[in-house]
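We did not get these values from a lab; they are worked out from the coordinates using the rules stated. Quick caveat, the model's predicted, so the values are computed rather than measured. So basically every Cβ, Gly included, is an ideal-geometry build from the backbone, and we count neighbours across all protein chains shown.
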Amino acid sequence: MIARLRRIRSASPFQAVLIGGFTALAAFMSLPIIFIFSHAFKPQNELFLFPPRFFVQHPTLRNFESLFLHASNATVPFTRYLFNSIVVLSLTLASVIIVSTMAAYVLAKYRFHFKALILSMITLSLMFAPETVSIPRYLIVSGIGLNNTYFGHVLPSLASPVAVFMLVGFVSQIPNDLIEAAKIDGAGHVGIFARIVLPLSAPAIATISILTFQTVWGDVETSTLFMQKEAMRTLAFYVNSLLSGLQNNVAGQNMAAAAGLLIFIPNLIIFLLFQRKVLESMVHSGIK
Amino acid sequence: MSRSAPYRRKAMEHHAKRYGIGMLFMLPWMIGFSAFVAVPVGWSMFMSLHKVAVVPGGFKYDWIGLQNYRDAFLKDNVFPIELITYFQQMLLMVPVIVIFALLISLLLNQKFPGRFVYRALFFLPVIFATGQVLSELFSQGAGDIPFLDQYNLEPLVRQYVGGELAKTVMEVLGRIVLILWYSGVQILIFIAGFQTVSPSIYEAVRIDGASPWDSFWKITLPASMPFVSLNMLYTIIDLFTFPLNPVLKHIRDNMFKVDTGYGYASALAWIYFAFIFALIAIVTGLFSRSMSKRRGRA
């Protein structure tokens, strides 16, 4: 700590200005997080204060208490939603990473027929907002019979165009010489993929993990459309239905605030876990 | 001839094997992509040319050709206006976001104590910019500039700036929140892009007497041109598929109206999509031209 302080003191004027400016900007950017936290601990009367206060004046845990009381009265236990969310998340993350990296490896490093077509289709599908294709998707999912299974949660987000889009850019940065050298040393496709492509695209993989986590964790579409059984729905759906059920309810606002914080915390944790990987490997990677 | 035939067959086999394994890598993604992205998109094209009605046991499609598209411009008095307004806003936002991200990432690329912490902080908005948290915040917020009221900035600005100017400042501030939040991934891409330039080049031009200013224009910027175009694309896509944007909301509303229905909503989506596509085509066209020119000169 002292060493760090000394380093800061020995910074040049330019660095000092830089640090000052960034601190101000960073403080501005973390305002929403502080807001979410302080909002969750506001007692009833402060939630309806006008003009709204930013910081909580008299923090209380009542919001969480009433949320848990409400949850324990539900037909499906809270833990079941949580379990579903965790299963869906881990399956989706693992499969998205493997499937998209494999596809990106071939797309970035090999020439074959229809490659240009596939690449342009990826870019095209990126532009299509997912809401607008939800009905055809529903028809397909129920046609294959994936309703009320975990596959119904995982498969629709499996072929993520965003992930492949980002990964193709990254994998094509890996020098061809490296791959040639591995080939000469007798590595096959699997070897090249597992030993070279996967480790070297770690920063991009970390980025898409964060993005995938965000979308899957907050996704209510699959639960609403593809799952008719309450026991197969995810935590995001539960919180969302709780919130929309309470929207016009004065007494529900405190539960909504607490639930907002609870659904946000995993996002923050995953972010903190992965971001170090993203930034570290980005700087130290041997890619040129 | 007879000697080369088995040789050629072996070569063919070899090729097929290599090719086949490469294709196997693609296969899972291709299947998923066609089932859950390509087919639904095609299906929505099909629906946009029909009047879709929900009947017991499924959908009923009546061919009406381009009627839905015509209605979107001639009958609908909300859609064209919202489309144009949103486009105007976005044309302003996209360059600002990319330039802002470039500046921030340049500064973050400097050597100063604690830069890792700041890099993480600027990447942080990624977790708001998607879905749940954002809509949660928006639903708690007020109107168009949701956070400024809650942070109680307006009296503060009014106190220090005053009068009519305060309104403009507030508008800019409202944009700044969005700009800051939407530049997380872009900053990351830029920083990663800067790492691809080898430090020895900078050293060489420094020895040749170039100032940091020169080396930015002559080396850093040209080298990060592909990343600028990547970021442009990413920003456009990010802003246009933003879940709370008014055009998408209009499309969603139409989806569940009885008299318009899925067919009309799909047509609106395709018009919207065509506009974005035109924009992206222009951007990529410009960038590839400028890049090929540079390559030609080198």
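Figures for the structure shown
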{"read-out": "Segment residue A:87-residue A:231, extension gain: residue separation times 0.36 nm, minus the distance between their alpha carbons", "value": "50.5 nm"}
{"read-out": "Peptide A:22-30, shielding by other chains (average Cβ, 10 Å cutoff)", "value": "5"}
{"read-out": "Calculated FRET efficiency for the pair residue B:54/residue B:110, C-beta based, R₀ 45 Å, to 0.05", "value": "0.15"}
{"read-out": "Shielding by partners - mean other protein chain Cβ count within 10 Å, residues of B:39-50", "value": "4"}
{"read-out": "Estimated FRET transfer efficiency (residue B:210, residue B:103; beta-carbon r; R0 30 Å; 0.05)", "value": "0.90"}
{"read-out": "Label-point gap, in nm, between residue A:68 and residue B:88 - each point 7 angstrom along Cα→Cβ", "value": "5.3"}
{"read-out": "Pairs beyond 27 Å (Cα-Cα), from A:229/B:51; A:115/B:249; A:42/B:257; B:51/B:75; A:42/A:229; B:60/B:257", "value": "A:229/B:51; A:115/B:249; A:42/B:257; A:42/A:229"}
{"read-out": "Virtual spin-label span in nm between residue B:27 and residue B:39, 7 Å along Cα→Cβ", "value": "1.8"}
{"read-out": "Per-residue mean of C-beta atoms belonging to partner chains within 10 Å, peptide B:107-120", "value": "6"}
{"read-out": "Rough spin-label spacing in nm, given labels placed 7 Å along Cα→Cβ, for residue A:187 and residue B:7", "value": "3.1"}
